[in-house]
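Below is one structure, written out as structure tokens; the observations come after it.
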Amino acid sequence: MDTQTLQTLYLIVPGAPLLGAILAGLFGKFLGRTWTHRITVAMVGVSLFAAIQIFRSVLEGHVFDGAVYTWLTSGGTSFHVGFLIDRLTATMMLVVTSVSLMVHIYTIGYMKDDAGYQRFFSYISLFTFSMLMLVMANNFMQLFFGWEAVGLVSYLLIGFWFNRPTAIYANLKAFLVNRVGDFGFILGIALVLMVFGSLNYADVFAKVAEHANDVAPIAGMQVNLLTAICILLFIGAMGKSAQFPLHVWLPDSMEGPTPISALIHAATMVTAGIFMVTRMSPMFELSDTALSFVMIIGAITALFMGFLGIIQNDIKRVIAYSTLSQLGYMTVALGASAYPIAIFHLMTHAFFKALLFLGAGSVIMGMHHDQDIRNMGGLRKYMKITWITSLIGSLALIGTPFFSGFYSKDSIIEAVEMSHTTGHTFAYIAVLAGVFVTAFYSFRMYFLVFHGEERFGKAAAHDASPAKAHATHDDQHTAAHHGDHDDEEVSHDHHHGLSVGEKPHESPWVVTLPLVLLAIPSALIGYFAIEPMLFGDFFKEAIYIGQNHHVMHEMEEEFHGAFAMTLHALTSVPLWLAAAGVFSSWFFYMKRPDIPAAIQKRLQWIYTVLDNKYYFDRFNDWFFAGGARGASSFLGKFGDKILIDGVLVNGSANLVGKISSVVRRFQSGYIYHYAFTMITGVFILLTIREWF
């Protein structure tokens, strides 16, 4: 393929979704629903086709790093829009466009009666464009553009049903929390420009070794500049990829429609941080402090966010907390210098997590927009395609041998075990314990939804059992609008949940087809991709790993093929922990549902802590939101009323009034008063002259 054709394809990949977004957004009313989804789906399909061609060219050795055009030049620094096309970029392009295409097709069925149909297609196409610009960037400025663009569009999508107060709260929360991370991110980019004098990746990476030991004296201590840059950039990743303690926005983002839950939380926005750190591997590899920081944050997220998934009863929130946990696994891999494994898990996770989210949406449709898993049960009989695809997604998520998640997740655990980065022991315990936790809450949801007693169509079903007497704050939050649609926005369904005697139904083919297509890579891609991606030279030119970090090399020596890895796993601790998690959830929720109620009653304080999500939301509301309100109230009363109005405005007026009241006494109009004043003035002047 010639260079001109390839460069055209580079422009088509982000340009096609952008064109679809513009047409749907500006001309959606004229195009109508049918032509809106035809155009946007076709544009994403074109983008996927171009991405496949680019991927093939990259495998043949065609790598591109160049500017498309110069945006501006300021102070000798040029800001370009440019592309870096290598195997890392090509992989991300394939993942983003393929999952996005599935979500676009799925949306045709899921949002068919929504009043904002055209607007939604415009948003998700614009989101796809933004993410593609992020992963294709060859400089920090364009990276930041894509970074902020996905944040902005996610704000619009989370609050898509803007008549719902909870959706507005959720999108504002996501926007503000991401601003915290983005503040660190832009500070890191500013430091990059200060230290390296350029924002182009190639220029910066070429000079990294020269500046590895640069220090900045700050308040009596010396800070390594490269470490500061890496940590600041990672703070941006903590916001976008929802890492502790900036994770609080992601569960609430379930207020958005289910298709965007899949798009944001599977293959795009939340993986931006993982991709960014991998792209910056030449910088992170020279800072062991930054790698330790990354690993510990990831380990905390992987384990403690998984605990929260155990008590969730909203089907989408269970999957949301599993996303948080899996992002923690990817982050731990980054800290262990196992960047290829992090990207490998990013890829496998994109497929099976999109599958689980879209499967949850299919269940919600079949249940007439009831999201409470305590009102479900026995859906296997009524929704066979949704059931089998959700089972495949769940098996991949918990790391079942031969399923894609097994190869990536098991590789992360092994990498952490072999790592010598400070904090690796804690991280290893966390990811190992997370295997049991993930299996438990994943199959708790699976069993309660698809097996056991049919609890739908029964009034207040979840209040009948003492095991389910206590609804979490999230359940109460969900109950306020109880479902995935707002009555003002959706005309086809004015009640939530099945009526007495009503049965669930399988979703239409535009919903089930993406489930089937996503189930295939969820089951197979890990087996076929692990050897070239992890132990071949697939990422050799795109990812840098320092000579002092031996994890990938040691794992390569132990790897004897995907099948051999699977056989070895049959006797490994993670597999048995996963099996124990599945068995425990089956026993607790299918055979002895009284046991969870007894445990909850005995360990009420732990349940309360988990129910309140470790009190992060309350602390943020009290400290940050309350502090901001308190500060504004103080400034309003003291600064505005007392200082500005009282002292400066009214005070100056009063002062002028008092001075004028004294001065006007000398303006009496009598000549002898003026003569006396003149004589007094002359006397004072003569006295001063004699003294000085």
Restricting attention to region 638-671, which residues are outside any helix (DSSP H, G or I) and open to solvent by less than 60 Å² (accessible area, probe 1.4 Å)? Ser668, Gly669
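Mind checking which residues of region 63-93 are open to solvent by 40 Å² or more (accessible area, probe 1.4 Å) and modelled with pLDDT of 90 or more? I'd like the intermediate steps shown before the answer.
If we filter region 63-93 for residues that are open to solvent by 40 Å² or more (accessible area, probe 1.4 Å), which is where we start, we get 63-65, 67-76, 78, 80, 87.
Hit for region 63-93 is Arg87, nothing else.
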I'd like to check something: does region 45-58 contain any residue that is open to solvent by 30 Å² or more (accessible area, probe 1.4 Å) and in contact (Cβ under 8 Å) with a residue 60 or more places away in the chain? no
Gly423: passes all of (1) farther than 29 Å from Lys591 by Cβ; (2) crowded, with 24+ Cβ neighbours inside 10 Å but (2)
If I go through region 128-182 residue by residue, how many of them are open to solvent by 10 Å² or more (accessible area, probe 1.4 Å), aromatic (Phe, Trp, Tyr) and either over 16 Å from the mean Cα position of the chain (by Cα) or under 20 Å from Ala320 (Cα atoms) (or both)? 6
Test result for Phe403, in contact with a Gly (Cβ under 9 Å, 6 or more places away or on another chain), in contact (Cβ under 8 Å) with a residue 60 or more places away in the chain and open to solvent by 10 Å² or more (accessible area, probe 1.4 Å): yes
Of all residues in region 247-266 being assigned to a loop (DSSP other than H, G, I, E, B) and surrounded by 24 or more Cβ atoms within 10 Å (Cβ to Cβ), the one that is modelled with the lowest pLDDT: Gly256
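Matching residues to (1) at pLDDT 90 or above; (2) β-branched (Val, Ile, Thr); (3) open to solvent by less than 10 Å² (accessible area, probe 1.4 Å); (4) outside any loop (DSSP other than H, G, I, E, B):
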position	(1), (2), (3), (4)
Val270	no, yes, yes, yes
Pro282	yes, no, no, yes
Ile300	yes, yes, no, yes
Phe307	yes, no, no, yes
Leu346	yes, no, yes, yes
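Is it the case that region 215-225 has a residue that's in contact (Cβ under 8 Å) with a residue 40 or more places away in the chain, outside any loop (DSSP other than H, G, I, E, B), closer than 22 Å to Phe275 by Cα and out of contact with any Cys (no Cβ under 8 Å at 6 or more places or on another chain)?
Within region 215-225, the subset in contact (Cβ under 8 Å) with a residue 40 or more places away in the chain is 224.
Add one more test, that the residue is outside any loop (DSSP other than H, G, I, E, B), and what stays is 224.
From what's left, closer than 22 Å to Phe275 by Cα: none.
No, there is no match, as no residue in region 215-225 is in contact (Cβ under 8 Å) with a residue 40 or more places away in the chain, outside any loop (DSSP other than H, G, I, E, B), closer than 22 Å to Phe275 by Cα and out of contact with any Cys (no Cβ under 8 Å at 6 or more places or on another chain).
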In region 598-637, anything hydrophobic (A, V, I, L, M, F, W, C), open to solvent by less than 90 Å² (accessible area, probe 1.4 Å) and more than 33 Å from the chain's Cα centre (by Cα) is listed as Ala598
The lone condition Leu358 fails out of (1) surrounded by fewer than 24 Cβ atoms within 10 Å (Cβ to Cβ); (2) part of a helix (DSSP H, G or I) is (1)
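The values are calculated or read from the model by the stated rules, or taken from the named source; none is laboratory data. Only a predicted model underlies this, so the values are computations on that prediction, with no experimental measurement involved. We place every Cβ from the backbone using ideal geometry, glycine too, and count neighbours over all the protein chains shown. The accessibility values were calculated without ligands, DNA or RNA, using every heavy atom of the protein model including side chains. Shrake-Rupley method; radii C 1.70, N 1.55, O 1.52, S 1.80 Å.
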